[in-house]
Amino acid sequence: MSGDATTADGGQRTAAPAGLRTEGLTKSFGGVRAVNEATVSFRDGQINALIGPNGSGKTTFFNCVTGMIKPDSGSVIFRDKEITGRAPHRIARGGIGRSFQLCRIFPRMTLLENLLVAVRARNLRELMAGSRQPEAVDRARELLVRVGLDHLENAEAGNISYGQQKLLELAGVLMSDPDTIMLDEPAGGVNPALIGRIGTLVRELNAEGKTFLIVEHNMDMVMSLSHHVVVFDRGRPIAEGPPSVVQSDPRVLEAYLGV
């Protein structure tokens, strides 16, 4: 896709280059192709959304991109470097952070401790020093303030609401300062007030230069946030473009509504 794209607020922005793309990405489970020769690009510096009906392969696609599962064939390219099949920690260190459909937190640890666990040691000295280095603690506290959870720093993560856990997980992703952030259903199971808070954070972080790829079923959130939307059906993209174009595409209406 080339040319200018319509932004979520109705303005125009020049189409950005593809920072993350796949070529012929395929993953089967038994006889079912969850991801089916998917060739797709996401725009660097923008808020991208990946949508589609249940079972269309979105989370499997995420897992292939981030190294959680190995694709059967095809390629994942990030910033012109192939990362197909790399270990998840190597992909994370390369600049891609992600959240999960179901929050992955340590419920018996405090919020601060959860963020310190997210710090990845770069060498043996850092590993031996442990996660409570002053710089890491300062960074964790700054992020708790940013997501609005600083008043709960010493609370156990299992005792906060599910929406707050989603915010904590996002803060954990930000601990490593990734260039590209992949969020798997950030609004799932979250009350409207915290959905608004998550949306505000995404916009702010994008304005600061972060690229987003979001899988989400909340269409109000998708259409208000995204600059570029890719629609999956049966494991491959069937449409892409600005929200205003995608939501009226006949192929999208057929995939979602069977019309």
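Where a number appears in this text, it was derived from the coordinates with a stated rule and is not lab data. None of the values given here were measured: they were computed from a predicted structure. Cβ coordinates were reconstructed from backbone atoms using ideal geometry, including for glycine residues, and neighbour counts include every protein chain displayed.
Summary of computed values
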quantity	calculated
Separation in nanometres of the label points that stand 7 Å from Cα toward Cβ, at V32 and D150	4.6 nm
Whole-Hz couplings from phi, Karplus 6.51/-1.76/1.60, listed for segment 48-65; x for Gly and Pro	9, 10, 10, 10, x, x, 4, x, 8, x, 5, 5, 4, 4, 3, 5, 5, 5
Eligible aspartates and glutamates near K70 by straight Cα distance, threshold 19 Å, same-chain separation 8 or greater	E23, E37, E82, D184
Rough spin-label spacing in nm, given labels placed 7 Å along Cα→Cβ, for N191 and E82	5.0 nm
Ordering of 99-107, 202-210 by burial proxy (mean other Cβ atoms within 10 Å per residue, highest first)	99-107, 202-210
Helix-only mean residue ellipticity at 222 nm for the chain, each DSSP H run of n ≥ 4 adding -39500 (n - 2.57), per residue, nearest 500	-9500 deg cm²/dmol
Inter-part distance where segment 192-259 and segment 65-79 are each reduced to a Cα centre, Å	22 Å
Likely footprinting exposure, H151, H227, fewest C-beta neighbours within 10 Å first	H151, H227
Extension reserve of the R104-R90 stretch, reckoned as 0.36 nm per residue once the Cα distance is removed	3.2 nm
